[in-house]
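These notes are about the structure you will find just below.
The numbers here are math on the coordinates, done by the rules we state, and not lab data. As the structure is a prediction and not an experimental result, all values here were calculated from the model. Note that each Cβ is placed from the backbone with ideal geometry, even for glycine, and that neighbours are counted across all protein chains shown.
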Amino acid sequence: MLTTLILKELKSVLLSPKFPVTFAVASILTLLSVFVGIREYQAESNQYFAANELVRQEMREARNWMMLGNRIYREPDPMHIFVSGVHNDIGRVSSISSWQPVKLVNSAYSDDPIFALFRFIDFSFIAQVVLTLLAILFTYDAINGERESGTLQLMLSNAVPRAQIIMAKFVGSWLGLVIPLSLPVVLSIVLLFVFGVPMNAEHWIRLALLMVASALLFTFFVAFGILVSTLTRRSNMSFLICLVGWIAAVLIIPRFGIMVAGQMVTVPTVSEIESQQDTFAKNAWDSHMKVMSEKWRKRSESLEGLNEKDRKTKREEMEWAWAEEDRNDRNKLQNEIDENAKRLTEDLRNKKFTQERLAFALSRFSPVSAYQLASMTLAWTDINLKTRYEDKLNAFRTTFNQYKDQKQRESGATGGIRISVDSKTGIKIDTGREIALDLAGLPQYTYSRPDLGESVAPVIVDFGLMALYSLLAFAASFVMFLRYDVRYAN
Amino acid sequence: MLKLIIEKELREIIGSTRFAITFGACSLLLLLSFYVGAKNFQISVEQYDASKREDLRKLEGVTDWNMVRDLRIFLPPQPITSLVMGVSNDIGRTVEVRGSGELNGIESRYGDDPIYAVFRFLDLDFIFQIILSLFAILFAYDAVNGEKERGTLRLTLANAVPRSSYILGKMAGSFLALAVPLLIPMLLGVLILVIMGIPMEGEDWLRLGLVVLAGYLYFTVFLSLGMLVSSRTEKSSTSFLYLLVFWILSVMIVPRTAVLLAGRAVDVPSVDQLASEKSRYSASLWQDQRKRMSEFRAPENTPPPKMMEEFQKFMSSLGEEREKKMSEFSARLNEKRSNMQREQEMLAFSLARVSPSAVFSLVSTTIAGTGIHLKDLYKTEAERYQQSYAEFIRGKTGQNPGGGMVFRFTTGDDEKKELINPHEIPVFNFQKEPLSASFGPISIDFGILVLFSLLFFVGAFRSFLRYDVR
């Protein structure tokens, strides 16, 4: 019996006049989003390689270890085709040098605000907006539509249990929509092959999980449509309610959750924190300068009273030790400054973390948010992308600078400019020798992304939530249908 | 007769449950967007003030203007910007001003707080674009064919009602029934702004008024489109479907696709490429000067202060020269890129304007001053400020700032302990482009919206005259 009902439902979906139009739109959009994504990815990859080549060239042209700087670009990834997430919002590049802290700048959107105005279309956007609308369009009149046309009464006059009818409604419309929709998805995957997008095994697993997430989101909206149609008598009313629900779930709750959190937990801006760091550094250097001048006064005092020759020998003798001492002092100071900066950044991050937790907890009331968060985590474009990169870059900066210092010392050339002032000989500037740098052994930056296990753990919550919401909606519609007044009369 | 039809239409719409639900939802969202915008503005102002304060705090305890190296300026939040955000959250808000050299905005809001980038903000532009159009569609999709389905169309036309006044009455009636009630939440929204003490100036109100006006034009486009589709189809369910497809295309697909297409068609050199060329040029300049630096010799037996002065002069002349060459080089590169960008933008926006939603979005961001030109404007303003800053520092120290190195004699006794007053530094005043400057593009977009409405309405009118009412 159930099979017959499901088959009937399938037919009614596939043969309905709205099916060809909506299916065509959904397919074209899905394919378009993947196609555009692939082209973007390819353009970005080319840019990435070109930029890296330029950096290498600059480094080869450098003639002084001290001045050697590096730039690290964020690497594009095939998963961005499907979920761009915050990828275009955060900086793409950070310079790595001893005189600048790590900072990702030049986001794609700030470089070319034209793309920011309307943003990109990616698969996750299509799934959130178009596919959910499609689900509603086919289910809003599942029950009350049949009542209006009188078929529900006819059906139930036979020996058909109500439980089976509602089950069949759900399963039938789900299959009737998901099976056709998998066609554009399969075609998108073909596109990936055609364009030779380098996907590895993990990418495929992640993509599969993304599709599962999309199916779960879709399931929720199918169940939601059926629920609303069992709650109302008329199909035009149920459509209206569905649409309001859709707007709330897709457009309002996600944004609202984050805004509420943003107002409850206030986080200082990055530039405020940076100014604090600068102030600390400035004060530290100021007091350091005082200590230094005191030291030098003592040192010259110790030389006083000696004759010219002794003074010279003593000075030469002590010079190295003094320089070493000064260097240690400077390093100690720099460490203190770095520590302070780190502490402040840590502080900021903790505040942000609290804000994020609250924001996501609130916005997860909508299954669409759960989907968005899950899909971003799966595609490595979640909001932790920035901190992940910055941590890795900071670690790399330390290695890079160590390498540079070591090379500098080995080469024996002074770094930068040395200016000596003597009241007799005047000012002398020594800018060091120019050397061709031997870049062998230059530390290479490798960014390791969180592996599948790390990504799956946070995603489970979102998958669970979507499943739970679907289940609740379906259970409610089940209960409501059992007592639905099927009479044709208004 | 026309009056009667309008009256009937008014009653029918306002009395319907559908009106109660959708109007409630619309009002709620409109109020929400006003509230969120106002709140957002307050938070942005707090953050802006804190950033400025912290930046000046750096200069506390400094006794010498020579030690003032750089200053940060920030894009000030504006009330209207919080209501129509445009790209204001995407571009860098902070600029480090050194007194010379190229300026670059960093730390965009979305880059700093990616959490907001995930779902973006809820602003008037967004609400108008999505909600007003849906609202119009929901009431117009069955304007003609719905009456046919119910049989009332035949009845009406059996009387001596000219078809032309009927469709005119329909259009006017639904516009009045929907547009006038919408004024209530808008006025309440204005009230929210006033109560929350948002400092809106005369021109801000004008801008807000124009955005609302654009919103109404946009609403009319969708209303007349609904009429058109409904008078060209037999069934209301079909007309709704078509309208929904059009809505998805107009709001979400066409604008994005147009921009992406233009991005493919016009190849703008990447920022990385420019940065790399600049940094190589700068390195080569530095190499040239190193040699000259080592050749510097002060005449013998010059007293140290005099010698220091000479040296200072020498270094700053080198710095100036470097700076000049560099800025010429950068300007040339930047100009090339911005020309390409402009070309790309022209193409993208011409394509996107096929969609009324894109037209609305473009015109509302232009009115609010948050279109993509905000970035260039901010840069120009920052450059202007940099000049006054440089002049100020020159006045204090007698030297060009950012010239490279500063040497001081510290005698150790620190006889000069006078603190500088950081508040003497000129304040960055962001001059928004006056509304009159963008009057041209705004009127073009208004014209396009009017044209869309007229076209659709004339189409609806013609179709209805031959509509098969049976």
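Couple of notes before you dig in:
- Scalar couplings 3J(HN,Hα) for segment B:203-220, obtained by applying the Karplus form with A = 6.51, B = -1.76, C = 1.60 to θ = phi - 60°, are 5, 4, 4, 4, 4, 4, x, 5, 4, 5, 4, 4, x, 5, 4, 4, 4, 4 Hz; x denotes Gly and Pro.
- Model label points for B:V194 and B:E234, set 7 angstrom from Cα along the Cα-to-Cβ axis, are 5.5 nm apart.
- For segment A:261-341, the list of GluC sites (Glu not before Pro) that fall in a loop by DSSP and count at most 15 other C-beta atoms within 10 angstrom reads A:E304.
- Measuring between alpha carbons in the structure, every pair from A:K282/B:K58; A:K18/B:K235; A:K11/A:K169 lies within 18 angstrom.
- For chain A, the longest principal axis of the alpha carbon atoms and the long axis of helix A:201-231 meet at an angle near 40°.
- Cα centroid separation - segment A:170-234 against segment A:340-373, whole Å: 28 Å
- Counting other Cβ atoms within 10 Å as a rough exposure proxy, the listed residues B:V359, A:V13 run A:V13, B:V359 from fewest neighbours to most.
- Legend: ranking of residues B:S279, B:S284, A:S110 from fewest to most surrounding C-beta atoms inside 10 Å; resulting order B:S284, B:S279, A:S110.
- Backbone N within segment A:44-77 under 18 Å of label point (7 Å from B:S294 Cα along the Cβ vector): A:62-68
- Fewest-first sequence of B:V427, A:V222, A:V250, A:V21 by Cβ atoms within 10 Å of each Cβ: B:V427, A:V21, A:V250, A:V222
- In chain A, the DSSP-assigned H stretches of four residues or longer account for a calculated mean residue ellipticity at 222 nm of -24000 deg cm²/dmol, using -39500 (n - 2.57) per stretch and the full residue count as denominator.
- In this structure, the residue pairs whose Cα-Cα separation is over 20 Å, taken from A:K290/B:K306; B:K379/B:K432; A:K103/A:K407; A:K386/B:K375; B:K291/B:K325; A:K342/A:K392, are A:K290/B:K306; A:K103/A:K407; A:K386/B:K375.
- Folded to 0 to 90 degrees: helix B:254-265 orientation relative to chain B principal axis, Cα: 40 degrees
- Degrees separating the helix B:2-15 axis from the principal Cα axis of chain B, which is the longest one: 70 degrees
- Shielding by partners, peptide B:279-288 (average Cβ within 10 angstrom, other chains): 3
- 222 nm mean residue ellipticity, helices alone, for chain B (DSSP H n ≥ 4; -39,500 (n - 2.57); rounded to 500): -23000 deg cm²/dmol
- Sites B:L187 and A:S293 - FRET efficiency at Förster radius 51 Å, r taken between beta-carbons, to 0.05: 0.15
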